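Written out below as structure tokens is the structure these notes cover.
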Amino acid sequence: MKSNRAAALTVADKCRNILAANWQCHLSTIKADAKGSKEEIHTSKVNYMVKRGKPYLWISEDDAHNVNTIIDERGSLAVTTPFPGPLPRLLKSVKMLPSRIALTGDVILLKDKKAQVASQKLEELIHSEQKTVGEFSYTVRGILSSANPAVTSRSENLLGLTNSHENYNIYKFDLRSCTYVSSNGVTHEVALKDLQTSKADSIAPYTAMLIDGINQSESRRRALVLLCFTNLNAHVRVNSRRT
């Protein structure tokens, strides 16, 4: 029983890391019209942040989710590990996909003060991440600065929500279930209490930037391979192609 508990927490930690590393997800809700639910699914990409283990969604006012959730609050989120550059294509070529999580729950609209509090928390999150980057070592900052922030920086992308001319509604996603899907397609159901008590790695929000920054330099890639070989006793092959 103890080993099963430890394994469950390990998978829960992976889920929290994926949530912390990304800022976009695919939200699916049930299509609705004036007559009610149509039992068809509408899916679109939305931005989110996580507060105390719970996702908060920023949905454009033009998105059909706003109407759908008035009739039926049920929804699902799909969040993947953010791999920039050619790495996703490489994984696909060997019939693998980035690890990901599937969440089901209720999409609850935040009004007035609660929406304002969520906006303030978003600004605090952005400021905190930007401050942390400034406190990294010179070497790490060099890697991060060579990455493309438009596609890899969580704080830069979330910052767009605060100064955009587009109007958003803010929703809380009340979780009902969480499923972790490994890169090999193996699924693991995660207990919500384990997800709530787990913690994301402090470096998770910078995962995409680090990967992209390392991939900008052949010497960095070789150094990373050497590190893995030395510390993990892994069998590795080095070539000049970017991964």
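Values quoted throughout were computed directly from the atomic coordinates according to the rules given, and no laboratory measurement underlies them. Small disclaimer: the values here were computed from a predicted structure and weren't measured. Cβ placement follows ideal geometry from the backbone for every residue including glycine, while neighbour counts extend to all protein chains displayed.
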> So what J values fall out for segment 142-154 if you push phi through Karplus, 6.51 cos²θ - 1.76 cosθ + 1.60 with θ = phi - 60°, rounded to Hz, Gly and Pro as x?
Replying inline: x, 5, 5, 5, 7, 7, 8, x, 5, 10, 10, 8, 5
> Can you give the translational diffusion coefficient of segment 2-232 in µm²/s, computed by Stokes-Einstein from the Kirkwood radius over Cα pairs at 37 °C and 0.692 mPa s?
Replying inline: 173 µm²/s
> Quick one: which of Lys54/Lys199; Lys14/Lys45; Lys114/Lys199; Lys51/Lys199; Lys45/Lys113 span more than 19 angstrom between C-alpha atoms?
Replying inline: Lys14/Lys45; Lys114/Lys199; Lys45/Lys113
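Just in segment 37-66: which trypsin sites (Lys or Arg not before Pro) are loop by DSSP and have at most 16 other Cβ atoms within 10 Å? Present the calculation step by step, with values, prior to reporting the outcome.
On the way: sites: Lys38, Lys45, Lys51, Arg52; in loops: Arg52.
Those satisfying the criteria are Arg52.
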> In sequence order, what are the phi-derived ³J(HN,Hα) couplings for segment 45-52 according to the Karplus relation 6.51 cos²θ - 1.76 cosθ + 1.60 with θ = phi - 60°, rounded to whole Hz, with x for glycine and proline?
Replying inline: 8, 10, 8, 8, 10, 10, 10, 6
>> Could you give each residue of segment 158-174 its phi-based ³J(HN,Hα) in whole Hz, using Karplus coefficients 6.51, -1.76, 1.60 with θ = phi - 60°, and x for Gly or Pro?
In response: 5, 4, x, 6, 8, 10, 7, 7, 7, 8, 10, 9, 10, 10, 9, 9, 7
> In nanometres, what is the gap between the two model label sites at Glu40 and Val94, each 7 Å from Cα along Cα-to-Cβ?
Replying inline: 4.1 nm
> Mind listing the Cα extents of segment 65-184 along all three principal axes, in Å, largest one first?
Replying inline: 48, 37, 24
